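The values are calculated or read from the model by the stated rules, or taken from the named source; none is laboratory data. Predicted, not measured: the structure shown is a model, and the values here were computed from it. In this analysis, Cβ positions are derived from the backbone assuming ideal geometry, glycine residues included, and neighbour counts consider all displayed protein chains.
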Amino acid sequence: MHSQRSPLCGASQGTWVYCLAHVLHMDRNDYYGGAAASLNLNQLWRKFRGQEKPPAFLGSSKDYNVDMVPKFMMANGALVRVLVHTDVTKYLLFKAVDGSFVYKQGKIYKVPSNDVEAVKSTLMGLFEKRRARNFFIFVQSYDEEDSRTHEGMDLRTISTKELFSKYGLDDNTIDFVGHSLALHRDDRFLLEPALDTVKRVKLYAESMARFQGGSPYIYPLYGLGELPQVCIINLLHRSQDLQVLS
């Protein structure tokens, strides 16, 4: 439980006004995050094995942070931008995921996300690499507000399938662009306006470039359960800072 006096979001003649209410946080568990928590070994064992204790050979409980709902974050995605904007990231440590790969015909391939990687990729043949490179150059330079980058196409009206056809991409390339880069769950995107897919692929490439890692994904070093915890800490610290200014 945390209790902290909270300031009103307003000021009159430079003087902060405070309400009598308190910021109150209560949790039925001994960890943050609810169903999406990150559990140490003792917490994990208690959740699934009751009062049974974990075997000693598994080591220290604090060495474990097991996410109940694991999910990667795009390094330049909306969630990360919100965390940076609210200054929560000063309480968080992130680790870049080493790589993003696709499994095809019994082999594992690195997913190309820009024109340079497309040329080097063994996922495509020589002529397909050139077509994929041209497509990635278009995506990287595309600006929704600048018609000069549209190459005469309105991505709000043409389908994704029509856009791929313009660049002559084969079914194999379409499959990994749509599912490994744009992260579509099914093939319905092919009949939908191309703008959404282009934005998704662009986000993938921008996330790759943000931390110069091997993939566009990052993950909190101590698990996703850190997110609600640091948001509460940040709220309390901001409230204390405003009291000092008053």
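Structural remarks
- Selection count where residues are among the acidic types (Asp, Glu) and within 17 Å of Phe176 (Cα to Cα), scope the stretch 110-164: 4
- When the stretch 140-174 is limited to residues that are of a type in the set (Ser, Thr, Tyr) and free of Cβ contacts under 8 Å to residues at least 40 places away in the same chain, the one that is nearest to Arg200 (Cα to Cα) turns out to be Thr160.
- Scanning the stretch 1-55 for residues that are basic (Lys, Arg) and either at pLDDT below 50 or in a loop (DSSP other than H, G, I, E, B) (or both) yields Arg5, Arg28, Lys53.
- Test for Gln243: is it out of contact with any helix residue (DSSP H, G or I) (no Cβ under 9 Å at 6 or more places or on another chain), on the phi > 0 side of the Ramachandran plot and either surrounded by fewer than 15 Cβ atoms within 10 Å (Cβ to Cβ) or at pLDDT below 75 (or both): no
- Flag for Thr160 being touching a Leu at 6+ places or on another chain (Cβ under 9 Å) and not assigned by TED's automatic domain parsing to the domain that holds Tyr204: no
Conditions (1) aliphatic (A, V, I, L, M); (2) part of a helix (DSSP H, G or I); (3) not assigned by TED's automatic domain parsing to the domain that holds Arg131, marked per residue:
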position	(1), (2), (3)
His179	no, yes, no
His184	no, no, no
Leu195	yes, yes, no
Val198	yes, yes, no
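- Answer residue from the stretch 207-219, given it is surrounded by 17 or more Cβ atoms within 10 Å (Cβ to Cβ) and out of contact with any strand residue (DSSP E or B) (no Cβ under 6 Å at 6 or more places or on another chain) and is modelled with the lowest pLDDT among those: Ser215
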